[in-house]
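Trainee: After the structure tokens below, expect a handful of questions from me.
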Amino acid sequence: MAKVIKIKKGVDIKLVGPAEKKVSQAQRSSIHALMPDDFTGIVPKMLVKEGAEVMAGTPIFCDKSHPEILFTSPVSGEMVEIKRGPKRVIEEIKILADKETKYESFPAWNGGSRESLIASLLQSGLWVFIQQRPYGIIANPKDQPKNIFVSGFDTAPLAADIPFILQGDKAAFQSGIDALAKLTAGKVYLGIPSGDTFYNDIKNVEKVAFSGPHPSGNVGVQIHHIQPINKGEVVWTVNAIDVALIGKSLKAGQFIAERIVALAGSKVSTPQYYRTLIGASITSIAGTDAAQPNVRAISGNVLTGTQSNPESYLGFYNSTLSIIPEGNHKKFFLTEGWLAPGFSRFSISHAYPSWLLGNKRYDLDTNLNGEKRAFVVTGELERVFPFDIYPMQLLKSIMVNDIDAMEKLGIYEVLPEDFALCEVVCTSKIEIQSVVKKGLEDMRKEFSH
Amino acid sequence: MKAVENILDKIRPNFEKGGKFEKFYPVYDALETFAFVPDHTTHSGAHIRDAIDLKRTMFLVILALVPALLFGIYNTGYQHYLALGEAASFIDMVLFGLWKVLPLIIVSYGVGLGVEFIFCIIKGHAINEGFLVSGMLIPLIMPMDVPLWMVAVATAFAVLIAKEVFGGTGMNILNVALTARVFLFFAYPTKMSGNKVWVNTDGGTTVDGYTGETLLSQAIENGASFANTANVAYGSMADSFMASFLGFIPGSIGETSTLAILVGAGILLWTGVASWRIILMGILGGAAMGLIFNLIGPMYFPDNLYLTVPWWHQLVMGGFMFGIVFMATDPVTAAQTDAGKLWYGFLIGLLAIMIRVVNPAYPEGIMMAILFMNVMAPTIDHYVVETNINKRLKRLKTA
């Protein structure tokens, strides 16, 4: 048995409405969409025009500065609309799906050279699933990553259970791992939950077991505890579910954009798993649940997901769709607010007595629960941040745009998602993930020339 | 609730841009957000948020101060009647205490919040909750007979100079309440120290042998045997250690009862509002310094009797415990890193006893110790963070 790394800092926020372990077929979504915003740091350059017929795997757009990185269609059909927002930024590229998916084929990969693998991945659009750290952007095909990291489990609240989703796809997962092993001269690390048996027969990887609360399933935390990223180093990460998708597609020589999505949250009538395709509409998965008044649909988990609505689409990398109540009402201070007894209010601080109730599940809404303030309370971020990094000092260095300090304080090792819990627990309601995102953008600009 | 919400909604337009009282929006905002947690929802980042906010945090600190406040009110009356040798009921003592203490609280809050409101109106900032705690701390660290106008001046000085000029709540370097006290301490020393300020003896003659001294001045004069003298002075309690632990001694209003302060510390630690690192290390630091003095005092400095006061007794006298629990733990002015907090707390305890014992001009050292360490806290943090940075650089070199 591999060694177990114990993560002590963090918190599991138990929410009402976890997905029952049952997979149903979702409605076939008539429209599928690609949203360039899902891909950090790229500028889309369209490769097809509105009205064009595309197949699953047909390149739709590429990254302006890396034209070899192609973003391909998850379905076949007609490209019906390019929805643009302010300043003509492309928000959604909508494809009207055929009844039966037709596939564009690319050279299947069955263990050839690294070059042929990279060529296949790029041509099929599968490359997009490979991300790099630092910065959390799509990997550069010219880089030689030091190692590749995959987290085999997700600890975020209501998040999809990865081993459950991978159940039927173990062979595909193994071939995906084999492909990743070809990409690095270093190792492929797989973070597994301690006591896990699901990944027992997966080979060609270095397994490291983790125990402890969220964010122990975050790949960033795992990298930090296995081999922290130093300045100048590049490592790659792939979501475990996408490893199987890559494995399956590479074997078939087709971009098979299947997804099993956990539909969860207190506003979901029957929380469970649904089989669908990347870019499917929210309504096709959630039905009327997402259209209720005063609810928020989130593509992804409640900590890092993207705010959606019934008319929008499942994010490219997401395997969770959460629906929780909106908190858009005022809370009277004595009954629901800051002076209330608060047995149903969630706090890690013990400032409300709810922690005495132990393992209960909370029905949390999206209210900020307070107003933005200057940093006053210290020591609270550290309780949920399992990195050997000083979170508050790093955040302040970002706020004053001190590139040198950011680098010294370890910004290369983190992504906004690693700060999600910090943002949740912050007494002063500071938008911490946005701050980290800005910091990473500043760093990237500083070094991209 | 709905009715209140409706009234607030109705008068709201007057305070918004273009309204009659648009300048006073921060005041309206403070009132509204006091009564209702606003309907603001998350827009970016995490979609759910912890229920804690600064109002809850500050409220918990005030809750923790209540035992010390209540005992302080009672003790003010108790000391008064004891000094005069008059018999009085519990109710009499509390009423006398209220008569002395309530005006101080009202002046402190009135002036402090007034300055804060004016600043926020001028600056257009939201009104922060920080002063809710400072406003309660200020009266509790004053002698009960301090003139009200002095409290007003000191509070205004502290809020302006210690806080607002640095940018308001969360930006100050020095503890606001202690700044108010240190201002009075140096500007009006006769009203802040000595024998005359701790107990009100108006309307009668004091009993024989009454001095009005605090335990601290007894200790300066009598060293280890001060307990015997003190026992005579505070005849009601046979044991001066117990007297000062329970709080039946003269002193600033909130500082006398170590027990009441420890109840408050319990609340702060149980709810996780205050740092256990600072409190624990502060007490350890004080004990360590007391012990060192106990050991070396008689050998090297036989003249300074203060050195011989037992270390455990040092911890329950004066404002030591109050300072460690309620003022050293102010997160804004304390060290911000976990390791830094250990050092910060320890040094405060150490310095407090050192100043108290070594420098006879300052009968109590906790105020100076905390203010000094407020200034040093960023330096402590700097070295803690520097260690982390060096670790990272080293990793880079060996990689």
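Read-outs: derived from the displayed coordinates by stated rules, not from any lab. As the structure is a computational prediction, the values presented were derived from the model and not from experiment. Here the Cβ is made from the backbone with ideal geometry for all residues, glycine too, and neighbour counts use every protein chain on show.
Trainee: Residue by residue through B:126-133, how many Cβ atoms from other chains fall within 10 Å of the Cβ on average? Can you show the working numbers first?
Mentor: Working: counts 3, 0, 5, 5, 3, 0, 0, 0.
Mean number of neighbouring Cβ atoms from other chains: 2.
Trainee: What is the local net charge at residue A:190, summed over the other residues whose Cβ is closer than 14 Å to its Cβ (Lys, Arg +1; Asp, Glu -1)?
Mentor: Result for the local shell: -1.
Trainee: Hey, how many Å between the Cα centroid of region A:392-430 and the Cα centroid of region B:37-95?
Mentor: Between the Cα centre of region A:392-430 and that of region B:37-95, the gap is 34 Å.
Trainee: Given the Cα-Cα distance of residue B:394 and residue B:152 and 0.36 nm per residue of separation, how much length would full extension add, in nm? Mind showing how you got there, number by number?
Mentor: On the way: separation 242, 0.36 × 242 = 87.12 nm, distance 5.38 nm.
Computed gain between residue B:394 and residue B:152 is 81.7 nm.
Trainee: Given R₀ = 60 Å, FRET efficiency for residue B:383-residue B:6 by Cβ-Cβ distance, to 0.05? Mind dumping the intermediate values first?
Mentor: Working: r = 55 Å, r/R0 = 0.92.
About 0.60, to the nearest 0.05.
Trainee: At what distance in nm do the modelled label points of residue A:334 and residue B:295 sit from each other, each positioned 7 Å from its Cα along Cα→Cβ?
Mentor: Label at residue A:334, label at residue B:295, 5.7 nm between them.
Trainee: Quantify how strongly other chains surround peptide A:330-336 by giving the mean number of their Cβ atoms within 10 Å of each of its Cβ atoms.
Mentor: For peptide A:330-336, the averaged partner shielding equals 6.
Trainee: If the chain between residue A:307 and residue A:171 were fully stretched, how many nm would it gain, using 0.36 nm times the residue separation less the Cα-Cα distance?
Mentor: Result: 45.6 nm gained on full extension.
Trainee: Answer rounded, prolate or oblate for region B:339-399, using the Cα gyration tensor with square roots of eigenvalues a ≥ b ≥ c: rounded when a/c is under 1.5, else prolate when a/b is larger than b/c, else oblate.
Mentor: Taking the square roots of the gyration eigenvalues as a ≥ b ≥ c, region B:339-399 is prolate.
Trainee: Determine, from the Cβ-Cβ distance of residue A:105 and residue A:361 and an R0 of 41 Å, the FRET efficiency 1/(1 + (r/R0)^6), rounded to the nearest 0.05. Write down the numbers at each step before the final one.
Mentor: Numbers: r = 46 Å, r/R0 = 1.13.
Working from the Cβ atoms, E equals 0.30.
Trainee: Treat the count of other C-beta atoms within 10 Å as a stand-in for reagent exposure and order B:398, A:58 from fewest to most. If you can, show how the numbers build up before the last one.
Mentor: On the way: B:398 6, A:58 22.
Ascending number of Cβ neighbours within 10 Å: B:398, A:58.
Trainee: Sticking with this one: How tilted is helix B:258-270 with respect to the longest principal axis of chain B? Cα atoms for both, answer in degrees (0 to 90, nearest 10).
Mentor: It is inclined by approximately 30 degrees.
Trainee: Please identify, among A:124, A:319, A:397, the residue showing maximal mean-square fluctuation in a Gaussian network model of chain A using a 10 angstrom Cα cutoff.
Mentor: Looking only at A:124, A:319, A:397, the largest GNM fluctuation is found for A:397.
Trainee: Something else about it: Rounded, prolate or oblate: pick one for chain B, where a ≥ b ≥ c are the square roots of the eigenvalues of its C-alpha gyration tensor, a/c under 1.5 means rounded, and failing that, prolate if a/b is larger than b/c, else oblate. Please report the intermediate quantities before stating the final value.
Mentor: Details: a/c = 2.23, a/b = 1.30, b/c = 1.72.
Oblate, because a/c is 1.5 or more while a/b does not exceed b/c.
Trainee: Hey, another quick one. On average, how many beta carbons from a partner chain sit within 10 Å of the beta carbon of a residue in B:55-61?
Mentor: The shielding value for this peptide is 6.
Trainee: Further, regarding this structure: Order of A:98, B:381, A:178, A:404 from fewest to most other C-beta atoms within 10 Å?
Mentor: Fewest-to-most Cβ neighbours within 10 Å comes out as A:404, A:98, A:178, B:381.
Trainee: Same structure again: Any idea how far apart residue A:45 and residue A:27 come out in nm if each label point goes 7 Å out from Cα toward Cβ?
Mentor: Each label point is offset 7 Å from its Cα along the Cβ direction, giving 3.9 nm.
Trainee: Next question, about the same structure. Counting pairs of alpha carbon atoms under 8 Å apart in space and at least six apart in sequence, what relative contact order in percent does chain A give?
Mentor: About 19 percent, as a whole number.
Trainee: In debye to the nearest 20, how big a dipole does chain B give about its Cα centre with +1 on each Lys and Arg Cβ and -1 on each Asp and Glu Cβ? Could the numbers behind the result be given before it?
Mentor: Working: 23 positive and 27 negative charges, 275 e Å.
Roughly 1320 debye for chain B.
Trainee: Assuming 0.36 nm per residue, please report the length gained on full extension of the stretch residue B:312 to residue B:44 beyond their Cα-Cα distance. Intermediate values should be presented prior to the final figure.
Mentor: On the way: separation 268, 0.36 × 268 = 96.48 nm, distance 5.23 nm.
The residue B:312-residue B:44 span can extend by a further 91.2 nm.
Trainee: How many nm separate the modelled label positions at residue A:442 and residue A:196, each set 7 Å beyond the Cα in the direction of the Cβ?
Mentor: Using points 7 Å along Cα→Cβ, the separation is 3.6 nm.
Trainee: Where does each of B:379, A:306, B:333 land when they are ranked from fewest to most other beta-carbon atoms within 10 angstrom? Walk me through the numbers before you get to the answer.
Mentor: Values: B:379 12, A:306 17, B:333 25.
Placing the least packed residue first, the sequence is B:379, A:306, B:333.
Trainee: Can I ask one more? Add -39500 (n - 2.57) for each DSSP H run of 4 or more in chain A, then divide by its residues: what number comes out at 222 nm, to the nearest 500 deg cm²/dmol?
Mentor: -6000 deg cm²/dmol
Trainee: Of A:182/A:437; A:187/A:231; A:94/A:372; A:267/A:360; A:8/A:429; A:438/B:17, which pairs sit farther than 28 Å apart, going by alpha carbon to alpha carbon? Write out the running numbers ahead of the final one.
Mentor: Working: A:182/A:437 31 Å; A:187/A:231 19 Å; A:94/A:372 37 Å; A:267/A:360 17 Å; A:8/A:429 24 Å; A:438/B:17 31 Å.
The pairs that break the limit, which is 28 Å between Cα atoms, are A:182/A:437; A:94/A:372; A:438/B:17.
Trainee: Right, here's the next one. Rounded to the nearest 0.05, what FRET efficiency do residue A:78 and residue B:66 give with R0 = 51 Å and r taken as the Cβ-Cβ distance? Could you check?
Mentor: About 0.15, to the nearest 0.05.
Trainee: Please determine, in degrees from 0 to 90 and to the nearest 10, the orientation of helix A:114-124 with respect to the longest principal axis defined by the Cα atoms of chain A, where the helix direction is its Cα long axis.
Mentor: That helix lies at roughly 80 degrees to the long axis.
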